[in-house]
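A quick write-up on the structure given underneath.
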Amino acid sequence: MHTGEDIIFGDKLTEQGKRYLQETARWTRFLAIIGFVAIGFMALAMLAFVLTGATKQLFSKDEALSVSLLTGLIALVFMISVYWYPTLMLFRFSKYIKAGIADSNPGQLELAFRCQRNFFKFCGIIILIFLVLYALVFSIGAFATSF
């Protein structure tokens, strides 16, 4: 049985394995580009939100409007912040895998797999956070309906 280190960093990575990694790199690059475009749309939405809210604020002295504008901005900034890191990790994974295979450079492959690990670690942490939030909301809801 080969260890992961033998397969990746030795001369034992088969041509089929290289093709699989290259295909994976193409797909992760595609997903990363889609992610960056989505982040761009979120940033445009945030800009439109600010401009629309600022214009409405000029003609209205409603404080509820400013609170909703601030809440919306915070939500968009949070979404962009959360979405940026995994998208960047996908893009870097793709870049390093391509370079590592093209140059037969184990250092590039190691960087690629570090980015892949960081991507999945981040996604796992986000999922855990949401599971805890769901459990908390469910518990609060169950508690509130008992009265």
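The values are calculated or read from the model by the stated rules, or taken from the named source; none is laboratory data. All values reported here derive from a predicted model rather than from experimental measurement. FYI the Cβ positions are ideal-geometry reconstructions off the backbone, even for glycines, and counts take in every protein chain you see.
Does F93 fit the bill of being in a helix (DSSP H, G or I), touching a Cys at 6+ places or on another chain (Cβ under 8 Å), modelled with pLDDT of 95 or more and under 24 Å from F41 (Cα atoms)? First the steps, then the outcome.
Numbers: in a helix (DSSP H, G or I): yes; touching a Cys at 6+ places or on another chain (Cβ under 8 Å): yes; modelled with pLDDT of 95 or more: yes; under 24 Å from F41 (Cα atoms): yes.
Yes.
In segment 98-147, which residues are part of a helix (DSSP H, G or I) and among the aromatic types (F, W, Y)?
Our first condition is that a residue be part of a helix (DSSP H, G or I); within segment 98-147, this holds for 98-103, 106-145.
If the condition is that a residue be part of a helix (DSSP H, G or I) and among the aromatic types (F, W, Y), then F113, F119, F120, F122, F130, Y134, F138, F143 are the ones that fit.
Part of a helix (DSSP H, G or I), modelled with pLDDT under 80 and surrounded by fewer than 13 Cβ atoms within 10 Å (Cβ to Cβ), is that true of L47?
Details: part of a helix (DSSP H, G or I): yes; modelled with pLDDT under 80: no; surrounded by fewer than 13 Cβ atoms within 10 Å (Cβ to Cβ): yes.
For L47, the condition - part of a helix (DSSP H, G or I), modelled with pLDDT under 80 and surrounded by fewer than 13 Cβ atoms within 10 Å (Cβ to Cβ) - is not met.
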